[in-house]
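Remarks on the structure that follows.
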Amino acid sequence: MNDYEHIKKQDPEIFASLEGEEHREAEGLELIPSENYVSMAVREANGSCLTNKYSEGYPGKRYYGGQTYTDMVETLAIERAKKLFNCGYANVQTLGGANANIAMYFALLQPGDTVLGMDLSHGGHLTHGHPVTYLTKIFNFVRYKMKDPNTGEIDYDEMLRVAKESKPKIVLAGFSAYPRELNYAKFVEIAREVGAYAVMDIAHIAGLIAGKAVKSPFDFGFDVMTSTTHKTLRGPRGGLILTRDNEEIAKKIDKMVFPGLQGGPHMNNIAAKAVAFDEALQPAFQTYAVQILKNAKAMEKIFLDNGVRLLTSGTSNHLLLADVFGSLGITGQEAETLLDQAGITLNKNSIADDTRKPMDPSGIRFGTPAITTRKFTEKESAQVAQLMVDVMKNKSDEKKLAAIREEIRTLCKKFPIPESFV
Ligand code: DSN
């Protein structure tokens with residue numbers, strides 16, 4: 001835990017919030033599947049002197065002087081990312097996953113071009129073409145869905161039909177609430193058939209790919225992958241764009257990130273990405289990635305044994321989506337609040353074809369990246385899943401809920417957040 005000695009002296013209000021958050025993270029369980037705990041090394045890099053430096057441009061081609069160390073840092077980050085994802089090109093400057101997707105669209109498309117992406121209500125992401133985003137004023141988004149929410153299989157026939165009809169320039173795979181592996185070969189086949197780029201937003205599963213716990217879309221011929229660095233990959237908040245082997249595409253992406261859309265890169269953040277990539281290159285990270293999947297399976301079993309409907313009937317990755325309204329008569333919002341009080345943080349989530357509103361949907365989404373960082377195995381993951389079900393089934397039993405809160409605290413003490421992974 002950081003002691004924030006300078007902030008403590010200088011800014012007691014911010015210090016109080018930082019201290020509060022340190023305790024919240026230490027004393028509760030993080031089950032939001034897009035969150036994780038980074039090492040102290042990543043935090044040091046993120047809070048380093050590099051925040052002082054302007055470095056517009058790329059290594060060896062900068063607009064300002066004084067770039068000896070920034071060039072070293074960014075080159076290391078790029079080389080490590082390429083090694084981690086076995087690809088030819090990496091841009092490490094995008095500030096987040098949305099920015100990475102925006103840069104990728106602007107690099108590969110002209111205004112008015114079409115993107116075929118996964119429907120948000122079936123697991124896709126806002127930046128994959130939801131009408132609330134400004135992107136939909138510039139590009140035309142068409143969608144594909146699951147054929148059956150109980151199996152999770154994508155309707156590839158319908159996808160091909162829509163692709164032939166709408167002639168997308170990008171066939172986009174990727175999701176933020178989908179618990180299964182996609183059929184990458186099918187995506188590439190459809191993209192090639194209509195002359196589109198095959199792109200995957202791997203933000204959620206980047207760490208699983210890096211840790212070789214799941215397949216890499218690049219091995220199936222995807223052209224580009226966009227990502228965040230802070231989810232399963234366990235780095236600082238940030239974005240990443242990877243190009244498999246096409247230098248022309250990589251050049252377009254670099255040019256669009258800077259100067260097309262961004263100014264000076266956040267070099268402190270890039271240093272933190274480099275540190276996290278090095279951690280992910282270590283053999284221990286592969287064990288971590290595999291354990292994430294095992295822990296999710298252990299949670300799956302408890303929910304199914306308790307008669308809770310899981311979307312796609314379970315999981316093949318790090319996350320689960322439970323229809324708690326349909327199964328337990330508790331709304332997603334109620335479940336999120338109750339579980340938070342018990343020391344378990346997760347998020348309410350719409351389920352496919354949800355009849356309830358997004359702010360109080362039928363489902364909850366949860367996952368295992370952060371608890372696995374805490375070294376939970378299947379045993380503790382199953383224990384937590386059972387406690388979650390108990391909370392939701394006993395929502396009016398104050399005594400029982402207090403006992404569960406205590407059990408969570410004890411688990412957190414037994415499994416402190418690690419400071420280092422090497
Ligand atoms: N907010 C992220 C998530 O939770 O999946 C996606 O952007």
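Within the bounds of the range 26-39, is there any residue that is within 16 Å of the ligand (Cβ to nearest atom), assigned to a strand (DSSP E or B) and modelled with pLDDT of 95 or more?
yes
In the range 10-21, is there at least one residue being among the charged types (D, E, K, R), part of a helix (DSSP H, G or I), loosely packed, with under 13 Cβ neighbours inside 10 Å and away from the ligand (no atom under 16 Å from the Cβ)? Write out each step before concluding.
Narrowing the range 10-21 to residues among the charged types (D, E, K, R): 11, 13, 19, 21.
Narrowing the set further to residues that are part of a helix (DSSP H, G or I) leaves 13, 19, 21.
Among the residues that remain, those that are also loosely packed, with under 13 Cβ neighbours inside 10 Å are: 13, 21.
If we keep only those that are away from the ligand (no atom under 16 Å from the Cβ) as well, we get 13, 21.
Yes, the range 10-21 contains a residue that is among the charged types (D, E, K, R), part of a helix (DSSP H, G or I), loosely packed, with under 13 Cβ neighbours inside 10 Å and away from the ligand (no atom under 16 Å from the Cβ).
Taking helices (runs of 4 or more DSSP H) that fall entirely within the range 287-374, which contain at least 3 residues that are out of contact with any Phe, Trp or Tyr (no Cβ under 9 Å at 6 or more places or on another chain) and at negative phi?
324-328, 332-341
Restricting to the range 190-218, count the residues that are in contact with a Phe, Trp or Tyr (Cβ under 8 Å, 6 or more places away or on another chain) and among the acidic types (Asp, Glu).
Matching residues across the range 190-218 total 1.
Can you tell me how many residues within the range 78-113 are surrounded by fewer than 21 Cβ atoms within 10 Å (Cβ to Cβ) and not in a helix (DSSP H, G or I)? Steps first, please.
Within the range 78-113, the first condition is being surrounded by fewer than 21 Cβ atoms within 10 Å (Cβ to Cβ), and the residues that meet it are 79, 82-83, 86-89, 95-96, 98-99, 106, 108-113.
Next cut, not in a helix (DSSP H, G or I) only: 86-89, 95-96, 109-113.
Of the residues in the range 78-113, 11 are surrounded by fewer than 21 Cβ atoms within 10 Å (Cβ to Cβ) and not in a helix (DSSP H, G or I).
Show the residue pairs meeting these rules: Cβ distance below 7 Å; 6+ apart or different chains; first residue within the range 327-344 and acidic (Asp, Glu); second residue at pLDDT 95 or above.
Partner pairs satisfying both residue conditions: 336/346; 336/347; 336/348; 336/364.
So residue 275 ticks every box in (1) over 30 Å from residue 51 (Cβ atoms); (2) part of a helix (DSSP H, G or I) but one. Which box is left unticked?
Condition not satisfied by residue 275: (1).
Condition check: in a strand (DSSP E or B), more than 19 Å from the chain's Cα centre (by Cα) and either more than 25 Å from residue 123 (Cα to Cα) or at pLDDT 95 or above (or both). Does residue 198 satisfy that? Talk me through it step by step, then tell me what you get.
Values: in a strand (DSSP E or B): yes; more than 19 Å from the chain's Cα centre (by Cα): yes; either more than 25 Å from residue 123 (Cα to Cα) or at pLDDT 95 or above (or both): yes.
It is true that residue 198 is in a strand (DSSP E or B), more than 19 Å from the chain's Cα centre (by Cα) and either more than 25 Å from residue 123 (Cα to Cα) or at pLDDT 95 or above (or both).
What do you reckon, is residue 403 without any contact (Cβ under 8 Å) to a residue 60 or more places away in the chain, assigned to a helix (DSSP H, G or I) and farther than 30 Å from residue 3 by Cβ? Walk me through how you get there before you give the answer.
Working: without any contact (Cβ under 8 Å) to a residue 60 or more places away in the chain: yes; assigned to a helix (DSSP H, G or I): yes; farther than 30 Å from residue 3 by Cβ: yes.
For residue 403, the condition - without any contact (Cβ under 8 Å) to a residue 60 or more places away in the chain, assigned to a helix (DSSP H, G or I) and farther than 30 Å from residue 3 by Cβ - is met.
Within the range 112-152, which residues are closer than 19 Å to residue 355 by Cα and basic (Lys, Arg)?
Across the range 112-152, the qualifying residues are 145, 147.
Residue 214: at pLDDT 95 or above, more than 16 Å from the ligand (Cβ to nearest atom) and either in contact with a Ser or Thr (Cβ under 7 Å, 6 or more places away or on another chain) or in a loop (DSSP other than H, G, I, E, B) (or both), yes or no? I'd like the intermediate steps shown before the answer.
Details: at pLDDT 95 or above: yes; more than 16 Å from the ligand (Cβ to nearest atom): yes; either in contact with a Ser or Thr (Cβ under 7 Å, 6 or more places away or on another chain) or in a loop (DSSP other than H, G, I, E, B) (or both): yes.
Yes.
Output the residue which, of all residues in the range 381-411 that are under 23 Å from the mean Cα position of the chain (by Cα) and not small (Gly, Ala, Ser), is surrounded by the fewest Cβ atoms within 10 Å (Cβ to Cβ).
So the first thing to find is which residues in the range 381-411 are under 23 Å from the mean Cα position of the chain (by Cα), and the list is 381-382, 384-385, 388.
Filter once more, keeping what is not small (Gly, Ala, Ser): 384, 388.
Numbers: 384: 24, 388: 28.
Step by step, filter the range 381-411, then rank; the result is 384.
Tell me yes or no: at least one residue of the range 166-176 is within 16 Å of the ligand (Cβ to nearest atom) and under 17 Å from residue 81 (Cα atoms).
We begin by selecting, within the range 166-176, every residue within 16 Å of the ligand (Cβ to nearest atom); these are 172-176.
If we keep only those that are under 17 Å from residue 81 (Cα atoms) as well, we get none.
No, there is no match, as no residue in the range 166-176 is within 16 Å of the ligand (Cβ to nearest atom) and under 17 Å from residue 81 (Cα atoms).
Among the residues of the range 234-245, is any under 29 Å from residue 262 (Cβ atoms), within 13 Å of the ligand (Cβ to nearest atom) and touching a Ser or Thr at 6+ places or on another chain (Cβ under 7 Å)?
Quick first cut of the range 234-245, residues under 29 Å from residue 262 (Cβ atoms) only: 234-245.
Narrowing further to those that are within 13 Å of the ligand (Cβ to nearest atom): 237-239.
Of the ones still in play, those that are also touching a Ser or Thr at 6+ places or on another chain (Cβ under 7 Å) are 238-239.
Within the range 234-245, one or more residues are under 29 Å from residue 262 (Cβ atoms), within 13 Å of the ligand (Cβ to nearest atom) and touching a Ser or Thr at 6+ places or on another chain (Cβ under 7 Å).
Any idea which residue in the range 42-77 is surrounded by the fewest Cβ atoms within 10 Å (Cβ to Cβ), counting only those that are of a type in the set (A, V, I, L, M, F, W, C) and more than 30 Å from residue 219 (Cβ to Cβ)? First the steps, then the outcome.
Going residue by residue through the range 42-77, those that are of a type in the set (A, V, I, L, M, F, W, C) are 42, 45, 49-50, 72-73, 76-77.
Okay, now just the ones that are also more than 30 Å from residue 219 (Cβ to Cβ), so 45, 49-50, 72.
Numbers: 45: 24, 49: 10, 50: 20, 72: 13.
Per the stated criteria, the residue is 49.
Is it true that some residue in the range 303-314 is touching a residue at least 24 places away in the same chain (Cβ under 8 Å), more than 30 Å from residue 212 (Cα to Cα) and out of contact with any strand residue (DSSP E or B) (no Cβ under 7 Å at 6 or more places or on another chain)?
yes
The values are calculated or read from the model by the stated rules, or taken from the named source; none is laboratory data. Bear in mind the structure is a predicted one, so any value in this text is a computation, not a measurement. Virtual Cβ from ideal backbone geometry, glycine too; neighbours counted across all protein chains shown.
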